[in-house]
Amino acid sequence: MKSYIKLVNFEINRFIKIYLTLLIITLLSQFIGVIVIAKSKMDQAHEVMGEQNLSEQAYLHDYGGFTFAHFASTLWFVGPIALCIIALLFYCLMIWYRDWFGKNTFAYRLLMLPTARISLYFSKASAILLFIIGLLAFQLIILPLENTLFESLIQDNFLQTSMDVSSILQSNVMLGIILPPYFSDFLISYGIGMMFVFVLFTSILFERSFRLKGIVFGILYIIAAVLLYLSPLFILSNETYSVLYSEEIFAIFLVLGILITAASIVIGNWLISKRVLV
Amino acid sequence: MKRYITSIILVCMSIVIIGTYYGKKMVSANDFPNYSIKTLEGHESEIKNVRLKGTVEKDDISSNVTITSNETIYQSQQSFMDRLTGNNEPKIAELKKKHRSFMRGKQNIYSFYQDEDFIAYAEAVYKFESANKFMFNIGLLDLASNKEISFEHAIPGETSNGLHVLDVQLIHSKLKVVTKNYLYINDEEQSEVHLYTFDLANQKLLNDEVIITPEQMKMGYDVIDTMENTPLQPRKSIVFIKRSDASSQSGALVNNTEKPVIFEYVYEKNQLETIQLPETLANRVVTSQNYLFGDKLYIINQDAKGMHVTTFDIRNQAITNDETFLIHNSDWAGAFPLVIKNDRVYVLGTSDFEINKTANLRPQLFIAELNTGKILYKGEVIPKNPDQKYNTKPFVLHSLEIK
Amino acid sequence: MNVTFNNRDPVYIQVVRYFKEQIANGNLMAGQEIPSRRELAAMLKINPNTAQKAYKEMEEQGLITTERNYPSKITTNENILHGVREELIVAAVDSFMQSIRPLNISIDELLHIVQEKYSQESSKEVL
Amino acid sequence: MIEVNQLTKKFGRKKVLDGVSFTANKGEITCLIGINGVGKTTTLKAIMGLTPINKGSILIDGETINKNTYEKVAFIPDAITMLPQMTIKQAMQFMQDFYKKWNQERATELLTFFKLDEKTRISELSKGNTAKINLLMGLAIDVDYILMDEPFSGIDIFSREQITEVFTSHLIEDRGVIITTHEINDIEHLIDKVILLDNGIVLKEFNTEQMRQEEGKSVVDVMREVYIG
């Protein structure tokens, strides 16, 4: 347990520079975006009012005002979030491969630590989870600040509604997925996410253990896991009406999720303890 | 310890922030306002069983709300399991509790039939694999022996445009299924009403009869809804009304002089019979809301004097009751939610925010005695905290339920 | 101390021989403390186990004495020390004889050459 | 004692090790010699559980390798095993974090002995200094066994001397050492035991002093006999 915590800390520190860079990019892009978008929206509105000779009231009647949702759908806002997601997905691979790359085989060191090797597996997964949650928390912190800034930049009359954080999150499909409105949904989303991380980790370990052959195993493992997880959908989609109650379908998904996660951990443990190559 | 500082900050901040966010949401339900029903007249005990349903909109996001005499329940406050199982009809939820196995895959309230001995179900379901596209999914539960019969049966004829079940009845061990079938005739969407008769014991379709033809449908035949929560109850017949102005070819309202007619299809007799309406009712039926409950047809109109509820006994073809209630609101648009139950008339005077933006009228609830017209209760739905900035936020109540 | 060992003879025997030489030429005196096994191994760049074995051999031959918790010392037994000197001289002369005998040289001539060479080497050393 | 029994390892269809057996004792320096092939390094990796084996068993004081034996055996590969961006100090801190038996005093002593600065980054180390740091990381754990893969290959003469000096010093104490090498000259007098590997099998296993005493042969003599015939 102690070494697990140390390893998690170690993994976090190893990525912290890139991670902070991601946070700063998000911060800058979103704040600059707020200013740029708010200004351009106001300019546009005034331009239209000038061209069509509309009063403020007439303009608002015809075109409506602005809300933060207008900004939340722009690349300024969504771009850095997408970047963070891609970066973390990529890091799910790199968190393993960086230990093997180059002539510095840090993997030697890690695998020879006097601790159960599965700790390495868990520490890497935990680090990924913490990075994800950290990004979400960061977004939750800066969102109200961006909102305040946005509202201060838009002339009072042009602000259609003043949105709060949860409304903003629900106004945007992408945000609705990464920060769902219910905590239970949050747990489900990230539970499924972590299941995928475990599946991915195990398939990486297949590759690290059996190399070329392992790539095939790894890909097959991912396909098998995804198919297994989605199998209720294939079976149920044949029927227009579902024989199962929704709580039963949920239970099936839950059990499948736990099963796939457990299988990934068990196989991962076997691979990293017995099969992995340096 | 110093080496762990970044990790500690990361973990603590994340947990605190995300925890606070969801914690706050759970407590405050998105800061949506709470409402209460303020009694203006009558006794509060009258509204014990009343549940008002609607939506509240905030920042362009709407949330379903249920208001009772003492609480405001938002969907977001519901437990995960409640949301998962969906907002089923209470009746279906109740049946599911009792007959879990039989109720599998059965959701359409109009497809159920229930008496003391049996629960029957018939639904038209779309089949990908079958050429005929739609199949009947039929089930019967013998309540005494707890035995189930379940089978699928092909629907004869062209059903590719869909059909839906209007009524299911069990008459002398034969299952009667009334459906509205959609057809394309001469490139025009038309419909007809079918009655299918099944022999449950042999799982056979005995008869397929068109009881309302496409031509009749074009003339404005329509089924009269039964009162809320009653579609499961056994009934002898299905009642149709012909209101020729209801649909006109051009879309514009045709001033038709033809009087509305009510037809009753009695299952045992296998025929459509015309029911004579008294002259006074015939005129009113054109614009009224009509509900059927057992043998009683309630015809509800509104005018400057108030709300008129006429009870017409279709068995005896006579008006048994006719009362005017001093319930009136000129802003109420079109049909309004109304339930007649326990000899009481429950009326929800909706206040549509979009219409009443300026007037800021509040939804009102009336309860009156059916037979005397006496108002037992009058109340209005108000925000609990009047200072809340959501006072004038879009707030629509669209239905009421009486437990 | 710089010693080159050959690879074919047991190293410990070479170490013993080295010590005997040092005793014979007076570099190591009777009763003088000698390095610990570890120090010796480090100095000679040999395996400490070998150094250990060499010391054991020397103890058995009575060349060094070890009292518990004290560094080993060269023996003070004059007989043994003399014996070492004699043994080395005799061994050296023996091997010299072995290589010179096949040349069939007269003893006088041999002694003359030895005398000349020996003094030359000595004066070189002095220089 | 490290016991390697009937160790067999295949890479694909090729048998790199085919029933290799030997023992290495505490307090002895055992040298794995092979003039070609990868068998030597693979053997060490197999002992450390860094590569799965196809057959055979490896016991360290009677135990198969597990998390506790990693406090007992240190492996010093011929590559950097610390992150290049770490300073030596951070690397030592990392070791101290994870190894109960880490001996910081000895680490400092070794650092002074090797004349290295703890502020230096791993990436800045020369090949020779890398080898020294690797050695330091292994020796500063109070392990019973040290496995070294080609400690002398490709490094400068002075680094070699320093490393050799370590071998004869108290730093090795009574630990058991297994060294792999393809070049015996520098260390011929240092080693107790030689295991000659070729084509995945042990051709000969002998004690060096015994060989000298009984047959008057140097290690190279025996190698010549065994490999060339």
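The values are calculated or read from the model by the stated rules, or taken from the named source; none is laboratory data. None of the values given here were measured: they were computed from a predicted structure. Glycine also receives a Cβ, built like all others from the backbone with ideal geometry; neighbour counts cover every protein chain displayed. Just the protein is used for accessible areas: all its heavy atoms, side chains included, with ligands, DNA and RNA removed. Shrake-Rupley method; radii C 1.70, N 1.55, O 1.52, S 1.80 Å.
To check my understanding: the extent here is largest minus smallest coordinate of the Cα atoms along each principal axis. What are those three numbers for the protein assembly as shown, in Å, largest first?
170, 72, 54
Tell me: how much accessible area in total is hidden between A and D, 1.4 Å probe, Å², nearest 100?
Approximately 2300 Å² gets buried when A meets D.
Going by Cα centres, the stretch D:52-69 and the stretch C:52-127 are how many Å apart?
52
Where in the stretch A:191-216 does the label zone of residue A:262 land, with the point 7 angstrom along Cα→C-beta and an amide N cut-off under 17 Å?
The answer is A:192, A:195-196, A:198-199, whose backbone nitrogens lie closer than 17 Å to the label point.
Return the FRET efficiency for the residue pair residue D:220, residue A:162: r is the Cβ-Cβ distance, R0 is 60 Å, and the value is rounded to the nearest 0.05.
For residue D:220 and residue A:162, the calculated efficiency is 0.10.
Taking only complete DSSP H runs, can you tell me which helices of chain A stretch 30 Å or more along their own long axis by Cα positions and average at least 0.5 on the Kyte-Doolittle scale?
A:2-52, A:75-97, A:118-153, A:183-236, A:246-270
Based on the alpha-carbon set only, what is the convex hull volume of the stretch D:2-228 divided per residue, in Å³?
122
Between the chain alone and the structure with every protein chain in place, find the residues of the stretch D:195-229 that drop at least 40 Å² of accessible area; heavy atoms, 1.4 Å probe.
Buried by 40 Å² or more upon assembly, which counts only protein chains, are D:209, D:212, D:213.
With the crude spin-label approximation of a point 7 Å out along Cα→Cβ, what separation in nm comes out for residue C:120 versus residue D:156?
For the pair residue C:120/residue D:156, the computed spacing is 4.3 nm.
Excluding ligands, DNA and RNA, what is the solvent-accessible area per residue of the stretch A:182-278 at a probe of 1.4 Å, expressed in Å²?
49
Determine, from the Cβ-Cβ distance of residue A:28 and residue D:108 and an R0 of 51 Å, the FRET efficiency 1/(1 + (r/R0)^6), rounded to the nearest 0.05.
0.70
Just give the residues from the stretch C:12-44 buried by at least 50 square angstrom of accessible area in the all-chains context relative to the isolated chain, probe 1.4 Å, and say none if nothing qualifies.
C:38
For the protein assembly as shown, what % of the accessible area comes from carbon and sulfur atoms, probe 1.4 Å?
Roughly 55 percent of what the probe reaches on the protein assembly as shown is carbon or sulfur.
Looking at the square roots a ≥ b ≥ c of the eigenvalues of the Cα gyration tensor of the stretch C:11-97, which shape do they give, rounded for a/c under 1.5, prolate if a/b is larger than b/c, or oblate?
Oblate, since a/c reaches 1.5 and b/c is not below a/b.
Filter the cross-link list D:9/D:40; A:2/A:124; D:14/D:193; B:242/B:269; A:6/D:101; C:20/C:73 down to pairs whose alpha-carbon distance in this structure exceeds 19 Å.
D:14/D:193; B:242/B:269
In degrees, nearest 10, range 0 to 90: what is the angle between the Cα axis of helix C:11-24 and the longest Cα principal axis of chain C?
Helix C:11-24 sits roughly 70 degrees off the main axis of chain C.
With a 1.4 Å probe on protein heavy atoms only, tell me which residues of the stretch B:100-143 lose at least 40 Å² of accessible surface in the complex relative to the chain by itself.
Going by heavy-atom accessible area, the residues of the stretch B:100-143 that drop by at least 40 Å² are B:100, B:104, B:105, B:128.
In the neighborhood of residue B:140, defined by Cβ-to-Cβ distances under 15 Å, what is the net charge if each Lys or Arg adds +1 and each Asp or Glu adds -1?
With Lys, Arg at +1 and Asp, Glu at -1, the net is -2.
With solvent modelled as a 1.4 Å probe, how much accessible area in total do chains D and C shield from it at their shared surface, in Å² to the nearest 100?
Its buried surface, counting both partners, is about 1600 Å².
With all protein chains present, calculate the accessible area of residue B:126 using a 1.4 Å probe and round the result to the nearest 10 Å².
Its accessible surface works out to 70 Å², give or take rounding.
What lysines does residue B:133 reach when the alpha-carbon gap must be under 24 Å and sequence neighbours fewer than 8 apart in one chain are set aside?
Straight-distance partners of residue B:133: B:106, B:176, B:180, B:204.
Could I have the simple spin-label model distance between residue B:160 and residue D:174, label points 7 Å from Cα toward Cβ, reported in nm to one decimal?
It works out to 9.3 nm between the two label points.
I'd like the accessible area for residue A:164, computed on protein heavy atoms only with a 1.4 Å probe and all protein chains in place. Round to 10 Å², please.
Accessible area of residue A:164: about 40 Å².
Before rounding to the nearest 500, sum -39500 (n - 2.57) across all DSSP H runs of length at least 4 in the protein assembly as shown and divide by the residue total; then give [θ] at 222 nm in deg cm²/dmol.
One gets -13500 deg cm²/dmol as the mean residue ellipticity at 222 nm.
Just by accessible area at a 1.4 angstrom probe, what is the order of D:189, A:70, A:61, B:194 from largest to smallest?
So the residues, ranked largest to smallest area, are A:61, A:70, D:189, B:194.
Once you put a point 7 Å from the Cα of residue A:252 and another 7 Å from the Cα of residue A:222, both along the Cβ direction, what distance in nm separates them?
Modelled inter-label distance: 2.6 nm.
Anything over 18 Å Cα to Cα? Flag those among B:97/B:236; A:17/D:132; B:53/B:403; D:55/D:204, in the order listed.
B:97/B:236; A:17/D:132; D:55/D:204
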